[in-house]
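Here the structure is laid out as structure tokens; the discussion comes afterwards.
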Amino acid sequence: MVKVLNMIQDTQSKVEEIIEEDIWGAIKEFLNLGIRFGEGENTINITIGLLLLLSLAFFATGYILKWMRKLITRRMEEEDQLKFVSVFKFIRYVVYLVVILLTMSSAGIDITLLLTASAALFVGLGLALQELFQDIIGGIFIIIDKSLHVGDIIEVDGKVGKVFEIKLRTTRAITRDDKVIIIPNHKFISDIIYNYTQNHKTTREQVRIGVAYGSDIQLVTKILKNIAEDQSGVLNSPKPFVIFEDFGDSALMFSLNFYITDSFSDPRIKSEIRYKIDAEFRKKAVSIPFPQRDIHIIQQKPF
């Protein structure tokens with residue numbers, strides 16, 4: 001029995017020696033085949049193993065980045081998913097560049113000078129393209145956190161527009177006068193932007209009006225409410241309401257408040273309401289006063 005065990009151990013040892021010395025040795029020799037330039041410390045070795053490692057690194061990088069992109073964009077719409085293709089392409093190229101530099105270093109090439117020049121170049125590019133990167137980051141945030149959608153009505157720098165396209169770098173909206181406004185995406189993370197339809201499409205609008213002192217304020221309130229209730233585009237629920245805002249210098253100030261579902265057509269609806277208010281006030285003899293000032297002249301001596 002002991003002899004049999006010894007024979008088995010000897011056989012295993014011989015197999016291990018064959019695998020280690022013959023098979024693995026042959027593989028190592030094959031991987032070390034290549035081209036060598038220079039002598040001593042300046043020797044550059046480009047071997048089959050190094051090229052295989054470079055190819056494997058490229059393949060693994062592409063696969064991992066593709067998997068990450070699918071993981072991040074799995075719940076997004078197809079249109080939003082396509083916007084991330086260019087981002088991950090850029091990341092892949094950067095990783096490829098790093099892998100190439102590491103491979104060159106492994107081959108014995110001194111990359112110190114190249115890294116120094118690259119650092120200076122990247123610093124310059126970073127400063128020059130700082131705003132571009134901010135726009136892209138802003139675009140990524142917009143797509144991921146869904147803070148902006150196509151069809152939203154927004155106000156930027158006093159301009160109201162309806163969003164019709166969201167890209168990684170810019171967002172495009174059409175204004176009420178049918179002009180296209182191109183908004184850099186960094187504005188959505190650095191500036192205050194009004195989104196009229198972030199939570200829902202219903203918004204409350206207002207028309208302010210002043211009437212002369214001495215007017216029948218109950219009649220004024222009734223006229224304003226009736227006009228809003230009969231106006232096309234104004235919602236019946238929530239109901240329109242009137243606020244007696246203040247005693248102005250020249251008039252009693254009222255505001256007619258109403259709800260609509262299309263904030264983009266807000267100026268047209270307000271204009272129609274003002275036309276009707278003017279017509280009804282004329283019929284009911286309600287006066288809209290001009291600004292008035294009383295001037296008191298104190299005479300101390302005859303002119």
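Determine if the range 266-287 includes at least one residue that is among the polar types (S, T, N, Q) and modelled with pLDDT under 85.
No: the range 266-287 contains no residue that is among the polar types (S, T, N, Q) and modelled with pLDDT under 85.
Select, from Asp191, Asp262, the only residue that is among the charged types (D, E, K, R), surrounded by fewer than 13 Cβ atoms within 10 Å (Cβ to Cβ), under 45 Å from the mean Cα position of the chain (by Cα) and modelled with pLDDT under 90.
So the residue among Asp191, Asp262 that is among the charged types (D, E, K, R), surrounded by fewer than 13 Cβ atoms within 10 Å (Cβ to Cβ), under 45 Å from the mean Cα position of the chain (by Cα) and modelled with pLDDT under 90 is Asp191.
Out of the range 165-188, which residues are among the hydrophobic types (A, V, I, L, M, F, W, C) and either surrounded by 13 or more Cβ atoms within 10 Å (Cβ to Cβ) or modelled with pLDDT under 85 (or both)?
Ile166, Leu168, Ala173, Ile174, Ile181, Ile183, Phe188, listed by residue number.
Under 7 Å by Cβ, and 6 or more places apart or on different chains, what pairs join a residue from the range 131-142 that is without any contact (Cβ under 8 Å) to a residue 60 or more places away in the chain with one that is of a type in the set (Ser, Thr, Tyr)?
Hits for this filter: Asp135/Thr170.
Conditions tested, residue by residue: (1) touching a residue at least 24 places away in the same chain (Cβ under 8 Å); (2) not in a helix (DSSP H, G or I); (3) not hydrophobic (A, V, I, L, M, F, W, C).
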site	(1), (2), (3)
Lys201	yes, yes, yes
Gln218	no, no, yes
Thr221	yes, no, yes
Asn236	no, yes, yes
Val242	no, yes, no
Glu245	yes, yes, yes
Asp266	yes, no, yes
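If I filter the range 266-274 for residues that are within 25 Å of Lys159 (Cβ to Cβ), polar (S, T, N, Q) and out of contact with any Cys (no Cβ under 7 Å at 6 or more places or on another chain), do I get at least one hit?
The answer is yes, given that some residue of the range 266-274 is within 25 Å of Lys159 (Cβ to Cβ), polar (S, T, N, Q) and out of contact with any Cys (no Cβ under 7 Å at 6 or more places or on another chain).
Is at least one residue of the range 207-225 modelled with pLDDT of 85 or more, out of contact with any strand residue (DSSP E or B) (no Cβ under 7 Å at 6 or more places or on another chain) and crowded, with 18+ Cβ neighbours inside 10 Å?
Yes.
So, in the range 65-85, how many residues would count as being of a type outside the set (D, E, K, R), at pLDDT 70 or above and farther than 18 Å from Gly138 by Cβ? If you could, list the steps in order and put the result at the bottom.
From the range 65-85, those of a type outside the set (D, E, K, R) are 65, 67-68, 71-73, 76, 81-82, 84-85; that's our starting set.
Filter once more, so that each one left must be at pLDDT 70 or above: 65, 67-68, 71-73.
From what's left, farther than 18 Å from Gly138 by Cβ: 65, 67-68, 71.
Qualifying residue count for the region: 4.
The values are calculated or read from the model by the stated rules, or taken from the named source; none is laboratory data. Computed from a prediction, not measured in an experiment: that's the story for all the values here. Positions of Cβ are generated from backbone atoms using ideal geometry, with glycine treated the same way; all protein chains shown enter the neighbour counts.
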